[in-house]
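Quick notes on the structure that follows.
The values are calculated or read from the model by the stated rules, or taken from the named source; none is laboratory data. Quick caveat, the model's predicted, so the values are computed rather than measured. Please note: Cβ atoms are built from the backbone with ideal geometry, for glycine as well, and neighbour counts cover all protein chains shown.
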Amino acid sequence: MIATQVLLPLTSQIIIAASHHLKRMSALIAALVLLVIAAAAQPANEDHPGDPQARVIDGVANTTVFGLGQSIRITGTVKEGAIAFGGDVIVEGAVDGDVAAIGGSVIQREGARIGGDVIVLGGIYHHGKAAPDRDPKSVTIMYAGYEDQLRRVMRDPFSVLHPQLSAVFFGTRLLAILIWFVVALALTAVMPNTISRAVTRLQLTSLRVALIGLIGSIVITLGVLGSLWLLPSIFGAAISVMALLLVIVATVFGRVVIIAATGRWLQRKIWPQLQSESVMLLFGVTFWIVLSSIPYVWPFVQAGLLVASLGLALTARYRVGWKKTARGNA
């Protein structure tokens, strides 16, 4: 009882906080195109001597300031907030709202003030040795990692479509093959009948599965966005978490089914004499990892895998259609 009384309030606070930040991130993504237009329309100031790429904000700015592919140095006062994509946000004056950097860092100089939250993806929040001038109710969200990669993507978004061929590129692909091979081997060993039925269902009614997955993905996306904006925070966060768990489970299950179906087809074409479940799965995993690594093609491959995986998960208990199809083929 004591553990329940402690865990329930803590869980509700975590869900409310997650919903709060999910709303901000969804609004940020929805307004990204408008941000690009607004940032391009704003006049450029003098470059800072210490950072030639920095955009200096002096005086008083009554709107949110943006930096797309460049850093922002705030020496005056910003009434709303500051966001940098692929650059740093250097606060030497005052920002009344939130400060965010994606592919960069947030640097708060001594004597500077930030009134809202600080969100950093890829960089670090620097504020010197002294305690920063912040609102006690504000929060700091920081993920320090892959700063160079995020900075490059923010400055050149199309670089995602044509990744650089390097040792890291090939190493991550080999690691992905190993991870998915182990996952596929484990799932086929734990639930062989379920995987086999799903493979048969995919082979007999692939278009139906893809259509159900496409409709399901649209409904889930609209449902999550609608719940975040219309429902109370705790309910919106709970629905978002359940939708995320559904997508994760569907992705793992559906990807393994697709890997098994592809592996069986490749094994019949390449090595029909060898009847090995492990070799079949290795063929399927390698095929999809290689296909997902082709420049400009991999986004469509990943989207197709996600839709098909969601369709397989949503039709896991539906057997009437393919039973009829199987009788008709017989």
What pairs come up if the first residue lies in the stretch 245-268 and is of a type in the set (S, T, N, Q), the second is crowded, with 19+ Cβ neighbours inside 10 Å and not in a helix (DSSP H, G or I), and their beta carbons are under 7 Å apart, counting only those six or more places apart or on different chains? none
Which one of these does GLY123 not meet: (1) under 18 Å from the mean Cα position of the chain (by Cα); (2) in a helix (DSSP H, G or I); (3) not basic (Lys, Arg)? (2)
Among the residues of the stretch 281-289, is there at least one that is crowded, with 21+ Cβ neighbours inside 10 Å, among the hydroxyl-bearing types (Ser, Thr, Tyr) and either assigned by TED's automatic domain parsing to the domain that holds VAL219 or under 23 Å from ILE220 (Cβ atoms) (or both)? no
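Looking at the stretch 114-137, which of its residues are loosely packed, with under 14 Cβ neighbours inside 10 Å and either under 22 Å from GLY87 (Cβ atoms) or among the aromatic types (Phe, Trp, Tyr) (or both)?
Here is the first cut: in the stretch 114-137, the ones loosely packed, with under 14 Cβ neighbours inside 10 Å are 128-131, 135-137.
Hit for the stretch 114-137 is GLY128, nothing else.
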Checked the stretch 207-219 for anything surrounded by fewer than 19 Cβ atoms within 10 Å (Cβ to Cβ) and in contact (Cβ under 8 Å) with a residue 12 or more places away in the chain; matches are ARG208, ALA210, LEU211, LEU214
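I'm trying to understand the selection: among the residues of the stretch 63-83, which are closer than 11 Å to GLY97 by Cα, surrounded by fewer than 17 Cβ atoms within 10 Å (Cβ to Cβ) and not basic (Lys, Arg)?
Taking the stretch 63-83 first, the residues closer than 11 Å to GLY97 by Cα are 63-65, 77-83.
Keeping just the survivors that are surrounded by fewer than 17 Cβ atoms within 10 Å (Cβ to Cβ) gives 63, 77, 79-80.
Matches in the stretch 63-83: THR63, THR77, GLU80.
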Answer yes or no: is there a residue in the stretch 113-120 that is in contact with a helix residue (DSSP H, G or I) (Cβ under 7 Å, 6 or more places away or on another chain), modelled with pLDDT of 85 or more and under 21 Å from THR63 (Cα atoms). no
Since GLN275 meets every condition but one in (1) in a helix (DSSP H, G or I); (2) surrounded by fewer than 17 Cβ atoms within 10 Å (Cβ to Cβ); (3) not basic (Lys, Arg), which condition does it not meet? (1)
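With respect to VAL56, determine if the residue is farther than 18 Å from ARG151 by Cα, out of contact with any helix residue (DSSP H, G or I) (no Cβ under 9 Å at 6 or more places or on another chain), assigned to a strand (DSSP E or B) and modelled with pLDDT of 50 or more. Walk me through it before giving the result.
Details: farther than 18 Å from ARG151 by Cα: yes; out of contact with any helix residue (DSSP H, G or I) (no Cβ under 9 Å at 6 or more places or on another chain): yes; assigned to a strand (DSSP E or B): yes; modelled with pLDDT of 50 or more: yes.
Here the answer is yes, as VAL56 does meet what is asked.
ARG255 - would you say it is closer than 27 Å to HIS162 by Cα and outside any loop (DSSP other than H, G, I, E, B)? Please lay out each step first, then the result.
Working: closer than 27 Å to HIS162 by Cα: yes; outside any loop (DSSP other than H, G, I, E, B): yes.
Answer is yes for this residue.
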Within the bounds of the stretch 96-112, is there any residue that is of a type in the set (Gly, Ala, Ser), part of a strand (DSSP E or B), surrounded by 17 or more Cβ atoms within 10 Å (Cβ to Cβ) and touching a residue at least 12 places away in the same chain (Cβ under 8 Å)? yes
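Going through ILE119, ILE114 one at a time, which residue ends up being under 15 Å from ARG73 (Cα atoms) and β-branched (Val, Ile, Thr)?
ILE114
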